[in-house]
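Take a look at the structure below.
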Amino acid sequence: MEKRPFIIDCDTGTDDAIAVMAALGCEDIDVKAITSVNGNVREEWTSANNRNLTEYLGIPVEVARGAVLPFYPRGDYYGDTHGRTGLGDVVIPTAEHSEFSKDRAPEVIRRIADGEGGALELLVIGPMTNIAIALSLYPELAGEIRHIWVMGGAVRGGNVNTTAEFNIWVDPYAAAMVFRAGIPLTMVGLDVTEQAILNGEDEKRYRALGTRAGVLTADILQYMFQRNQKGGEDAMMHDALALAAAVCPQCLEFKPYFVDVECQGVYTAGHTAVDVRGVSGRKPNAMVATDLKLDRFKEWLFRCIEGCGRS
Ligand code: RIB
Ligand code: CA
């Protein structure tokens, strides 16, 4: 079966790195490019992490730099969830042979979308600034992207405050533009990603693979466990679950809802307004993940990481 062409737009990021390795090891998809965006850490780190990671894995992929700031600057929100570099305390060699793409992220998205003739899918696992800029520069892209798979938002609650999830909160204007673009979209929010937690048994299993991807995944998990012991976030596979929505739909359950993004408000900017009761009268514009089959997801993720760097 023909591999599905994907671009991964990410703010790598500890969980982003695991999602990228899973995507590179997933036999169903062909990662055409990795585009970097400001988010968990500054773009200079997210892009460096993407380039270092792909070279370390020995998997040549076009890596592009991307948006440094969201549309509406929010000051300094670079907490310590992902550490100073974005990969926690995990260190991988600095790339020596690969270069960044000559094009920035929006151009890469446009060029590859044109080349794939409507088959391109986007895995968007950071703030959506690059996607919104691409759509602003090239509105015709809305008809050339087959599906956008988003890690972001929540039906209820948030992780930045009581109403907003980080990826949407960083750039609500960009997110609103993407949700309103009319592109088929699946939203994988905190309601399910906060259940997608790996544990010590998983870490041992990944380490036993002995591959660069397996050991790196184990090292990242170990960092996440230590982070959690200090009161930080647990080993939540937010971003890998968005990939699972695309290639392991049996790992999740989905419902069609109308979703829009609130861009104003001290406590509400970045809120994904998910119309679960149909009171808006608006047609659903997204499939929203509502339930997770954790064991299936864990097994699927392990098989992807096992395949990363093996071919
Ligand atoms: O809220 C979780 C999301 O924010 C994940 O994508 C994580 O990597 C951070 O970007
Ligand atoms: Ca991310």
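Rule-based calculations on the coordinates, nothing more; no lab input. Just so we're clear, the structure is a prediction, and the values are computed from it rather than from any experiment.
Over the Cα atoms of the stretch 46-134, what is the Rg over Rh ratio if Rh follows Kirkwood?
Rg divided by Rh gives 0.98.
Straight-line reach from Lys102: which lysines have Cα under 27 Å away, leaving out those fewer than 8 places along the same chain?
Reachable lysines: Lys3, Lys32.
Out of all Cα-Cα pairs in the stretch 154-311, roughly what percent, to the nearest whole number, are more than 25 Å apart?
Roughly 37 percent, rounded to a whole number.
Determine the distance separating the Cα centre of the stretch 81-111 from the Cα centre of the stretch 4-33; give it in Å without decimals.
Comparing the Cα centres of the stretch 81-111 and the stretch 4-33, I get a distance of 13 Å.
Roughly speaking, what is the stretch gain from Arg282 to Glu201, that is 0.36 nm per residue apart minus the C-alpha to C-alpha distance, in nm to one decimal?
24.7 nm
At a temperature of 37 °C and a viscosity of 0.692 mPa s, determine how fast the stretch 166-233 diffuses translationally according to Stokes-Einstein, using the Kirkwood radius over alpha-carbon pairs as Rh; express D in µm²/s, rounded to the nearest whole number.
224
Can you give me the long-range amide H partners of Val261? Hydrogens built in the peptide plane at 1.01 Å from N, cutoff under 5 Å, separation of 5 or more residues or another chain.
Result for Val261 returns Ala273.
Can you run phi through the Karplus equation (6.51, -1.76, 1.60; θ = phi - 60°) for the stretch 75-82 and list ³J(HN,Hα) in whole Hz, with x for Gly and Pro?
After applying 6.51 cos²θ - 1.76 cosθ + 1.60, I find x, 9, 10, 7, x, 10, 4, 10 Hz.
Given a cut-off of under 8 Å on Cα pairs at least six residues apart, what relative contact order in percent is computed for the stretch 56-177?
Computed over the stretch 56-177, the figure is 27 percent.
Defining a contact as two alpha carbons under 8 Å apart and six or more residues distant in sequence, what relative contact order in percent does the chain show?
Relative CO of the chain lands at 21 percent.
Can you tell me which lysines have their Cα less than 16 Å from the Cα of Lys204? Leave out same-chain residues fewer than eight positions away.
Result set, ordered by chain and number: Lys298.
I'd like the Karplus ³J(HN,Hα) series for the stretch 196-204: coefficients 6.51, -1.76, 1.60, θ = phi - 60°, whole numbers in Hz, and an x wherever there's a Gly or Pro.
Couplings: 7, 9, 8, 10, x, 4, 4, 4, 4 Hz.
Would you calculate the volume per residue, in Å³, of the smallest convex hull containing every Cα atom of the chain?
Measuring per residue, one finds 122 Å³ for the Cα hull of the chain.
To the nearest 500 deg cm²/dmol, what mean residue ellipticity at 222 nm is calculated for the chain from DSSP H runs of n ≥ 4 alone, each contributing -39,500 (n - 2.57), summed and divided by the residues?
It comes out at -11500 deg cm²/dmol, rounded to the nearest 500.
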